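**Student:** I'd like to ask some things about the structure below.
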Amino acid sequence: MNKDIVLETTGLTMRFGGLTAVSGFSAALPKGSITGLIGPNGAGKTTCFNMITGFYKPTEGRNVFMGRELTGLPPHEVCRAGIARTFQNIRLFGNETVLENVMIGSYVRQRSSWLASVFCLPSAFREDKAIRERSLQLLDVVGLAHLENEQASSLPYGAQRRLEIARALATRPSLLLLDEPAAGMNPQETQDLIGFIRQIRDQFDLTVLLIEHDMKLVMEICEHMWVLDYGVTIAEGAPAAIQSNPKVIEAYLGEEYACDA
Amino acid sequence: MTPEMFIQHALNSLTLGSLYALIAIGYTMVYGILRLINFAHSEIFMLGAYFVFWGVSLFSLPWPLAVAASIVFTAGLGIMVDRIAYRPLRDAPRISALISSIGVSFFLQNVAIVFFQAIPRGVYRPEWMEQPWIVGAVRILPITLFVPVLSVLFMLGLLYIVYRTKTGLGMRAISKDIETSYLMGVNVNRVIAITFGIGSGLAAASGIMWALRYPQIQPMMGTIPGFKAFIAAVFGGIGSIQGAVVGGVVLGFIEIMTVAFFPDLAGYRDAFAFILLIGVLLFKPTGLFGARVEDKV
Amino acid sequence: MNRGTLTILNVLAVAALGLFIWWAQGSLDGYKIQILNLIAVNIILALSLNLIYGFTGMFSLGHAGFMAIGAYVCSILILTPDQKDTLFIIGGAAQWVQDAQAPFVVATLAGGLVAALFGFIIGFPLLRLGDDYLGIATLGFAEIVRVAATNMTSVTNGALGFKGIPAYANLWWNFGWCVVTLYVIVRLLKSNTGNVLKAIRDDETAAKAMGVNVFRMKLLSFTVGSFFAGIGGALLASLLTTIDPKMFLFTLTFNVLMIVVTGGLGSLTGSVLAGIGITVLLEWLRVVENPVFIGDFELAGIPGMRMVVFSLALIVVILFRREGLMGMREFSWQAVGSKLGLGGKPGSGKGGLAQ
């Protein structure tokens, strides 16, 4: 297997009863790439994310991450292996502060147990301090350091999205899955997001897979993309090729437009 | 064990099971549409029995009239409990309503202790119920058969309401999705009130029959049958009326037959139901007739 | 404020409590001391339930069960062999019950540990259940414990229970354990592990995605909570000197739940304050249930009135002030400092006692 492939899925299929949500999704993500997963509503994009991150156990197919078989592992194991994600409908820990949200993300890499802090062991204090500092740095990266003590649910929408990314980064992932990061953002914010995603990719040595509806963002940022429609991969390739692919246009705009293309 | 004894036990199981079934219907209907374990249900059951006792002994009403009045009163009480203690919490976290219902349950039980005192009282039984029929060596009290027959009738009536009337359609809609039901013009509060009314009326009916079968009443009488009936509802598949009935009858059989065959275990009788509950929750949380609900990520 | 100052303040607070107990021991009458004792035990119970429900979001109604386990284990260990001879009039005690013997502190710890062991064992299957099902299943567990206590005559003396349990649980023991409980739970919640527990309460799915082994963390919280419930039960047994299965009815869990909800789910400060307030009220209302004499005229007591008032109070709290007394806020020295204008950063309201 190619060493530079971070994630390779083969024939991922998800059936709910009689309904096939995703059928035979096969993709390979090269290290350091930014890849897009697009398709109309209900095409099965989030289902793919859920299969990759262990929330769904695929009916068929395999998931190999950095040479390790992940198929069937529970979500927390997948995260420990190095895959972090955000959610389409932002899922922060609303009652916790901004800083605590990021610290929770660090927990998966934490070594000392709670007993160490009950017995006031110096190692526990040291690690706690290190986690706190690193979390603050991450908040700085996403531009939320000044809000560290705010309650997460009180943040404005855009800030919540960025906090969710900071929290995902705290788990020290190699692969970051972003589920509609630009949803609800205005054009300027979307433009900033493009720079931001590239920046964290470089800074944290990440591979990024993102689901997005905003075509401008996808076309600009992605090096490669997969297009799903009714759970089936209908196209794959570089943005330019996808843009002129009649099947894709048909899926998005309906048949009559496809004929004109 | 002689065949006669077995038949006697089977009849007793059927009666007890039918009583559980009647109570379970109330739990299952409320849980089906509100996802709420209505702890107060067992107190409605107890009050149903007390209202008849009062009607007969205090107001000298004829027994059938006292029964009718009791069912009407408890139905109203059930609706009132929902209106005061549950409706304001429809948008609150689910457990809030549950805590409220625990509060209501303790409240009603202790109000009963304050007014009726914690001592058991004997109840009036109509004479025709006192005459056992003797078939061979088997002694059958009319109530033993009366209860199962009535339970089946109630179940059929309810199934008619749920599947053949507009109110029933509303109930089914709310149980699927309460938000959308509002938008679709279902009078949600009215349908829920009717559900509480029906459930409470049935609880009263079973409370009255319970008092006839085990002829005494006291303020704590609802607690254990209430838990067991809820367990029967979970066993049958919460939200399903048929499930509640089957679950109730099966629980009745398990309880009486285990004690009949293993008299040593009699002391553990009240624990059977809870062990069954934990088993069902672990191995088949949807029960016999329940539908599976997927968590959406 | 730096760590040193905070440590000093906390030590001073504990010392003040010690001084108060020393004074109370000498100057207050038995009735008032008993109320203080009950306050300490109720705070322990409320803190442990708050950890399970308020901070980790597991709706458990099994507290009475864990308390019963703690109470019985502790009593068996501190009752003398002679007492056991007279208590077990039906069939005698099992040999190991007859022989078991330990000093009070060991007995209390044993009560907590056995309760924790049960919490761990039943947590394995039960903690996979969602909120209300978990509630009813843990309630079922408590009922099973009670039925078992009624029937295992050679261990628990059945329905008769134990009488004359040595009254070791004085103010020092009770408040000592109360401080230990508070300390351990505060340290746990202040650590990043505590953040993770709260994360599970807020959004289990997101916690899983963040690499949290949700089930393991729930089991941890539940086991620690059951441990302290067992400790509370053990102290209660020695405090009341009599126990029997009827004592561990659902009402007992209800009282603890009442304290936790009134104080505020997710606020330890709230549990402490409500623990004090509600214990005092519960005792005070006991008067209503006893007959009152005005001159020669006797007013009959009203049994049940106490619980009528309390259940009504719970309904009112849940309907009109769901966040309870404190919401999720906590006491912190920082906040006190800034209130008094002693400089220091204004507390965010999330500081903590042992920070």
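**Student:** Hey, among the residues in segment B:228-269 that are surrounded by 24 or more Cβ atoms within 10 Å (Cβ to Cβ) and aromatic (Phe, Trp, Tyr), which one's nearest to the other protein chains (Cβ to nearest Cβ)?
**Tutor:** Applying the filter and picking the extreme gives B:Phe230.
**Student:** Could you tell me which of the residues C:Leu117, C:Leu134, C:Leu47, C:Leu77 is over 28 Å from C:Leu189 (Cα atoms) and either outside any helix (DSSP H, G or I) or not basic (Lys, Arg) (or both)?
**Tutor:** Going through C:Leu117, C:Leu134, C:Leu47, C:Leu77 in turn, just one is over 28 Å from C:Leu189 (Cα atoms) and either outside any helix (DSSP H, G or I) or not basic (Lys, Arg) (or both): C:Leu77.
**Student:** Can you find a residue that is within 12 Å of chain B (Cβ to nearest Cβ) and touching a Leu at 6+ places or on another chain (Cβ under 9 Å) anywhere in segment C:103-124?
**Tutor:** Within segment C:103-124, one or more residues are within 12 Å of chain B (Cβ to nearest Cβ) and touching a Leu at 6+ places or on another chain (Cβ under 9 Å).
**Student:** Given (1) part of a loop (DSSP other than H, G, I, E, B); (2) more than 11 Å from chain B (Cβ to nearest Cβ), identify the lone condition not met by C:Pro303.
**Tutor:** (2)
**Student:** Checking the conditions here, which among C:Thr150, C:Thr181, C:Thr193 is within 30 Å of B:Phe230 (Cβ to Cβ), among the hydroxyl-bearing types (Ser, Thr, Tyr) and part of a helix (DSSP H, G or I)?
**Tutor:** C:Thr150
**Student:** Hey, among B:Tyr86, B:Tyr124, which residue is over 30 Å from C:Arg322 (Cα atoms) and either outside any helix (DSSP H, G or I) or not acidic (Asp, Glu) (or both)?
**Tutor:** Being over 30 Å from C:Arg322 (Cα atoms) and either outside any helix (DSSP H, G or I) or not acidic (Asp, Glu) (or both) holds for just one of B:Tyr86, B:Tyr124, which is B:Tyr124.
**Student:** Considering each of A:Ile90, A:Ile83 in turn, give the residue that is buried (at least 24 other Cβ atoms within 10 Å of the Cβ) and under 22 Å from A:Glu212 (Cβ atoms).
**Tutor:** Of the residues listed, the single one that is buried (at least 24 other Cβ atoms within 10 Å of the Cβ) and under 22 Å from A:Glu212 (Cβ atoms) is A:Ile83.
**Student:** Please go through segment A:124-146 and pick out each residue that is of a type in the set (Val, Ile, Thr) and away from chain C (no Cβ under 14 Å).
**Tutor:** Result: A:Val141, A:Val142.
**Student:** Right, something else. Scanning for something surrounded by 20 or more Cβ atoms within 10 Å (Cβ to Cβ), modelled with pLDDT under 85 and small (Gly, Ala, Ser), does segment A:219-232 turn up at least one residue?
**Tutor:** Within segment A:219-232, none of the residues are surrounded by 20 or more Cβ atoms within 10 Å (Cβ to Cβ), modelled with pLDDT under 85 and small (Gly, Ala, Ser).
**Student:** What number of residues within segment B:82-118 are within 18 Å of B:Met29 (Cα to Cα) and acidic (Asp, Glu)?
**Tutor:** Final tally of qualifying residues: 1.
**Student:** Determine which single condition C:Ile39 fails, assuming it passes every other condition in (1) touching a residue at least 40 places away in the same chain (Cβ under 8 Å); (2) farther than 18 Å from C:Val272 by Cβ.
**Tutor:** (2)
**Student:** Sticking with this one: Does C:Asn192 fit the bill of being buried (at least 21 other Cβ atoms within 10 Å of the Cβ), more than 7 Å from chain A (Cβ to nearest Cβ) and touching a helix residue (DSSP H, G or I) at 6+ places or on another chain (Cβ under 6 Å)?
**Tutor:** No, not satisfied.
**Student:** Among (1) in a helix (DSSP H, G or I); (2) in contact with a helix residue (DSSP H, G or I) (Cβ under 9 Å, 6 or more places away or on another chain), there is one condition B:Gln131 misses while meeting the rest; what is its number?
**Tutor:** (1)
**Student:** Select from segment A:1-46 the residues that are within 18 Å of the chain's Cα centre (by Cα) and acidic (Asp, Glu) and list them in ascending order.
**Tutor:** A:Glu8
**Student:** Now, a different point. Among (1) surrounded by fewer than 16 Cβ atoms within 10 Å (Cβ to Cβ); (2) more than 10 Å from chain C (Cβ to nearest Cβ), where does B:Phe283 come up short?
**Tutor:** (2)
Residues are listed down the side, and each one gets a yes or a no for (1) at the interface with chain C (Cβ under 9 Å from one of its Cβ atoms); (2) within 16 Å of B:Trp54 (Cα to Cα); (3) hydrophobic (A, V, I, L, M, F, W, C):
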position	(1), (2), (3)
B:Ala85	yes, no, yes
B:Ile95	yes, no, yes
B:Gln117	yes, yes, no
B:Val123	no, yes, yes
B:Glu127	no, no, no
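**Student:** Can I ask one more? Taking segment C:3-29, which residues are surrounded by fewer than 10 Cβ atoms within 10 Å (Cβ to Cβ) and farther than 24 Å from C:Val186 by Cβ?
**Tutor:** Of everything in segment C:3-29, those that are surrounded by fewer than 10 Cβ atoms within 10 Å (Cβ to Cβ) and farther than 24 Å from C:Val186 by Cβ turn out to be C:Gly26, C:Ser27, C:Asp29.
**Student:** Looking for whichever is closer than 15 Å to A:Pro173 by Cβ, in contact (Cβ under 8 Å) with a residue 12 or more places away in the chain and among the polar types (S, T, N, Q) here; the options are A:Thr71, A:Thr86. Which one fits?
**Tutor:** Going through A:Thr71, A:Thr86 in turn, the sole match is A:Thr86.
**Student:** Still on this structure: Just wondering, is there one or more residues in segment B:164-179 that are touching a residue at least 40 places away in the same chain (Cβ under 8 Å), part of a helix (DSSP H, G or I) and charged (D, E, K, R)?
**Tutor:** So far as segment B:164-179 goes, no, none of its residues is touching a residue at least 40 places away in the same chain (Cβ under 8 Å), part of a helix (DSSP H, G or I) and charged (D, E, K, R).
So that you can scan it fast, the table gives a plain yes or no per residue for (1) modelled with pLDDT of 95 or more; (2) facing chain C (nearest Cβ under 7 Å):
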| position | (1), (2) |
| --- | --- |
| A:Glu69 | no, no |
| A:Pro75 | yes, yes |
| A:Ile83 | yes, no |
| A:Val102 | yes, no |
| A:Val108 | no, yes |
| A:Ser112 | no, no |
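**Student:** Sticking with this structure for a sec: Any chance segment B:140-150 includes a residue that's within 14 Å of chain C (Cβ to nearest Cβ) and crowded, with 20+ Cβ neighbours inside 10 Å?
**Tutor:** no
**Student:** For residues that are over 13 Å from A:Ala27 (Cβ atoms) and within 11 Å of another protein chain (Cβ to nearest Cβ), tally how many sit in segment A:46-63.
**Tutor:** Qualifying residue count, segment A:46-63: 7.
**Student:** Kindly list, by first and then second residue, each pair from a residue in segment B:110-137 that is under 30 Å from C:Val308 (Cβ atoms) and in contact (Cβ under 8 Å) with a residue 24 or more places away in the chain to a residue that is among the small types (Gly, Ala, Ser) and loosely packed, with under 14 Cβ neighbours inside 10 Å, limited to pairs with Cβ atoms under 8 Å and residues at least 6 apart or on different chains.
**Tutor:** Between residues of segment B:110-137 that are under 30 Å from C:Val308 (Cβ atoms) and in contact (Cβ under 8 Å) with a residue 24 or more places away in the chain and residues that are among the small types (Gly, Ala, Ser) and loosely packed, with under 14 Cβ neighbours inside 10 Å, the close pairs are B:Tyr124/B:Ser57.
**Student:** Hey, C:Met210 hits all of (1) within 14 Å of chain A (Cβ to nearest Cβ); (2) surrounded by fewer than 24 Cβ atoms within 10 Å (Cβ to Cβ) but one; which does it fall short on?
**Tutor:** (2)
**Student:** Okay, next question. Is it true that some residue in segment C:267-286 is assigned to a helix (DSSP H, G or I), within 13 Å of another protein chain (Cβ to nearest Cβ) and not basic (Lys, Arg)?
**Tutor:** yes
**Student:** Continuing with this model, one more query. Against the definition (in contact with a Ser or Thr (Cβ under 8 Å, 6 or more places away or on another chain) and in a helix (DSSP H, G or I)), how does C:Leu235 come out, yes or no?
**Tutor:** yes
**Student:** Among the residues of segment B:193-201, are any of a type in the set (Ser, Thr, Tyr), within 21 Å of B:Val111 (Cα to Cα), in contact (Cβ under 8 Å) with a residue 60 or more places away in the chain and within 14 Å of chain C (Cβ to nearest Cβ)?
**Tutor:** No.
**Student:** In addition: I'm checking my understanding of the structure. Among residues of segment C:213-258 that are surrounded by 24 or more Cβ atoms within 10 Å (Cβ to Cβ) and of a type in the set (Ser, Thr, Tyr), which one is farthest from C:Leu285 (Cα to Cα)?
**Tutor:** C:Ser221
**Student:** Then there is this: Of all residues in segment B:1-59, which are more than 18 Å from the chain's Cα centre (by Cα), in a helix (DSSP H, G or I) and among the hydroxyl-bearing types (Ser, Thr, Tyr)?
**Tutor:** Matches in segment B:1-59: B:Ser57 only.
**Student:** Read through the list (1) surrounded by 18 or more Cβ atoms within 10 Å (Cβ to Cβ); (2) among the hydrophobic types (A, V, I, L, M, F, W, C); (3) assigned to a helix (DSSP H, G or I), then give the number of the only condition that A:Leu210 fails.
**Tutor:** (3)
The values are calculated or read from the model by the stated rules, or taken from the named source; none is laboratory data. Nothing here was measured: the structure is a model prediction, and the numbers come from that model. Positions of Cβ are generated from backbone atoms using ideal geometry, with glycine treated the same way; all protein chains shown enter the neighbour counts.
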